[in-house]
Amino acid sequence: MRAENRWGYLSLSFVLALGIGLAMAMSIILGLRLIGLDLGPRGQMNVYIMVYMVWAFVFFLYPGPKWPIHKYFFRKSPKNSALVIVNDWSTFEKPKTDVDRTKLQPTSSMRETGPGWQGLIPIIEEVGWTIDLGKQIVLNEPITAYTKDKVKVTVRWQVIITPLRGYLVNLVRHDDETIEKYFMGRCRSKIIQMISNEYSREILDVDGKKVLHRGFNEKIDDLKDKFKDLFDGPDAVSKDEKEFGVYTNDPQITEILRSDTVQDAVEATENAKITAEGIAALKQNNPKMTDKQAAMIMLTLRGLPTDGLRDYTITGLENVHTLITADNPLTNPAREKPEKNKKDDGKGGKSK
C-alpha cells in the first residue's frame with residue numbers, strides 16, 4: 001500500500017506543467033536561431049510570454065470544459081471523499097509473491113489520496129475510484145439461536161460499516177455484497193456461539209435457593225460487551241477490517257427475545273408461582289380460611305377473573321392451577337382485566 005504524499009505529487013505535477021511550457025518556448029527560440037533569426041533578450045521574453053499564454057489556454061480549456069488537459073495533471077476530490085489513483089505502468093508487473101498472485105493487481109500500483117486538489121503524473125497515473133467516505137452499510141438482520149437449555153431465541157443487533165481511511169486500496173477490491181456477506185457471517189457466528197453458552201433462565205439448586213447459572217437476561221450487559229469486542233473493540237482496527245478496507249462502528253445487541261411459546265410458558269409459570277405463594281401466605285395467617293376464599297382474595301388483588309373458581313381442596317402449591325377453569329386461565333396475563341368487585345373485596349376483608 002502506497003502512502004499518500006499530497007504535496008509531493010502536487011509539486012511534481014506543477015513542475016511538469018511549467019516544464020512543458022518552458023520546453024515549448026525554448027524549442028521555438030532554438031528553431032528561430034537555427035534559421036538565422038536572433039530575437040534578442042526582449043524578443044525571447046515575448047516568446048516565453050506568448051507560449052505560456054497559449055499553453056495556459058490549451059492547458060485549462062482544450063478540448064473543451066468537459067475534459068481539459070489540466071485534469072491529466074491535477075484532480076480535485078469531492079468533499080468527504082477520497083481517490084484511489086492507479087499507476088498504469090505498475091499494473092503490468094509480474095507478481096513476485098503468492099499473496100500478490102491472489103490479488104486483482106499489485107497493491108504498489110495504487111495509492112490513496114484525501115479530499116482537495118491532488119497531483120497526478122500525466123499519462124502514467126489516472127483516477128481509478130472515487131470513494132464516498134460517508135457511505136454506510138447497515139447490518140441488522142435478526143438472528144435465530146438456541147440457548148444451552150435448547151430454548152429458541154431471536155437476537156436483534158446492528159453493525160454500521162464505513163470506509164476505512166488508509167486502507168481504501170483494499171476496499172476497492174471488494175464489492176458491497178461481498179463485504180456485507182462476510183461481516184454478516186462473522187456477526188452471526190459470534191452471536192450463535194455466545195447464546196449457545198447461556199441459559200434462557202436462572203438455574204437453581206435442588207433447594208431452590210442458590211443460583212447455579214444466570215439466565216441471559218441477567219447477563220445481557222456482558223453479552224453486549226462481548227459483541228462490541230468482536231472486531232478488537234471500538235478503539236482498534238482488526239485484521240479483517242484492514243483486509244476489507246472498512247470499519248465496523250459500534251457493534252451492538254439491542255435485544256434478545258424468546259419465542260412466543262416459551263415466553264408464554266415462562267410468564268405462566270411466574271404467574272402461577274406468585275399466586276400460589278400468595279394463597280399459601282393467606283392460609284398460614286388464617287387457618288380457618290377456605291381454599292376458595294384464599295384463591296378469590298389473591299386473584300382479586302392481582303386483578304384476575306374469579307368467576308371460574310371451583311371448590312377444590314389444595315393439597316400442594318403445585319395444584320393451584322386446578323382452581324381455574326380452562327376458559328378462565330389464571331396464567332393468561334393477556335386476558336382483559338374486569339373491574340374489581342367491591343362487594344367481594346369487602347367479604348374478603350371480613351374473612352381475614
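Each reported figure results from applying straightforward, stated rules to the coordinates on display, with no laboratory input. Worth saying up front: this structure is predicted, and the values here are computed from it rather than measured. Please note: Cβ atoms are built from the backbone with ideal geometry, for glycine as well, and neighbour counts cover all protein chains shown.
Observations on the structure shown:
- Ranked by how many other Cβ atoms sit within 10 Å of their own Cβ, fewest first, the residues Ser196, Ser81 fall in the order Ser196, Ser81.
- For the range 127-194, the Rg and Dmax computed from alpha carbons only, in angstrom: 15.6, 56
- Options Ile192, Val237, Val169, ranked by Cα towards positive dipole end of the range 137-258, top entry (Cβ charges): Ile192
- Computed log10 I(q)/I(0) for the range 137-258 at 0.11 Å⁻¹: -0.43, from the Debye equation with unit scatterers placed on every C-alpha and solvent omitted.
- Residues Lys228, Lys190 arranged by fewest to most Cβ contacts within 10 Å: Lys228, Lys190
- Once the C-beta distance of Val58 and Val237 is scaled by a Förster radius of 45 Å, the resulting FRET efficiency is 0.50 to the nearest 0.05.
- Calculated from backbone phi, Karplus (6.51, -1.76, 1.60) coupling profile of the range 284-292 in Hz, x at Gly/Pro: 5, 6, 9, x, 6, 5, 6, 4, 5
- 3J(HN,Hα) from dihedral phi, the range 117-124, Karplus parametrisation 6.51/-1.76/1.60, rounded to Hz, x for glycine, proline: 6, 10, x, 10, 8, x, 6, 6
- Given +1 at the Cβ of Lys and Arg, -1 at the Cβ of Asp and Glu and no other charges, the dipole of the range 137-258 around its Cα centre is 360 debye to the nearest 20.
- Estimated FRET transfer efficiency when R0 is 56 angstrom, pair Leu39-Glu255 (beta carbons, to 0.05): 0.10
- Under 5 Å between amide hydrogens, built in the peptide plane, is the criterion, and for Ile121 it picks out nothing among residues at least 5 positions away or on other chains.
- Among His70, His213, a tally of other beta-carbon atoms within 10 Å of each Cβ gives an order, fewest to most, of His213, His70.
- Per-residue 3J(HN,Hα) values for the range 229-235, derived from phi via the Karplus relation 6.51 cos²θ - 1.76 cosθ + 1.60 with θ = phi - 60°, read 8, 4, 10, 6, x, x, 9 Hz in sequence order (x marks Gly and Pro).
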